[in-house]
Amino acid sequence: MRLINILKSRNLLLALQAAFALAFSENSVRVFAHGGEDHGAAKPKTETTDKGMVSHTTRVGDLEVMLRHERLIPDAGNAARFFVTKFETNEAYAAVAPAIEIEAANGAVTQATIEKTETAGSFTVKFPPLAEGTYLIRAQLTHGGETYTATFSGVSVENAPAATAAGDGSWTQTALMALLFFVALALFGGLIFLAARALRNKPLREETVSA
């Protein structure tokens, strides 16, 4: 009996230790994932919609910034929108002075024009004409007496080759589906013809046998 009680006590202790470790682990994940402390600059996130709208988002200090633009066309004056919000509450933040610069692959740096709109935390951005290629965009924000820099790499300036490829693929798929439809229709017609012919010939064979 004493041995059984000891084993039960050990099992209870192990269960308590496991529960404590699990609770501590979950709380730790919660704290480090989105607590009130400064996590530092997060890795930028880039998304492109089906309509070609590109969004670059990242965190700098206690702010979150987003640069949104359509596909950048070579040798044209492209426009964009720049948004600044508080990371914790997602509220628009206006007390900031942003600046945006573009660095080419050869190291040449040009400045973009950025202007504040009537909406808090919202800015318009005008890019200078850029040659076709891949660029690095830096967004600098002066906030709380400090300057933060968000870097967006791999920004493409091109004549939308993805759209052309998608159009070619769509035409090819349509032509293939049409061909398969006509082949299926021909096979179906052939089966009907053979079935009708077999029905016509069957009585003749029966009359020949009976004669």
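The values are calculated or read from the model by the stated rules, or taken from the named source; none is laboratory data. Bear in mind that the values here come from a model prediction, so they are computed numbers and not experimental data. Cβ: placed from backbone, ideal geometry, glycine included. Neighbour counts: every protein chain shown.
Suppose the filter is modelled with pLDDT under 75, within 24 Å of the chain's Cα centre (by Cα) and among the aliphatic types (A, V, I, L, M); does residue 160 pass it? Yes; evaluated as a whole, the condition is true for this residue. Within the stretch 78-99, residues that are in a loop (DSSP other than H, G, I, E, B) reach partners that are among the aromatic types (Phe, Trp, Tyr) with beta carbons closer than 7 Å, at six or more positions or on different chains, in the pairs 78/127.
Determine, yes or no, whether residue 132 is at pLDDT below 95, assigned by TED's automatic domain parsing to the domain that holds residue 54 and farther than 21 Å from residue 48 by Cβ.
On the way: at pLDDT below 95: yes; assigned by TED's automatic domain parsing to the domain that holds residue 54: yes; farther than 21 Å from residue 48 by Cβ: no.
Criteria not met by residue 132.
Residues of the stretch 117-134 that are in a strand (DSSP E or B) and surrounded by 13 or more Cβ atoms within 10 Å (Cβ to Cβ): 122, 123, 124, 125, 126, 133.
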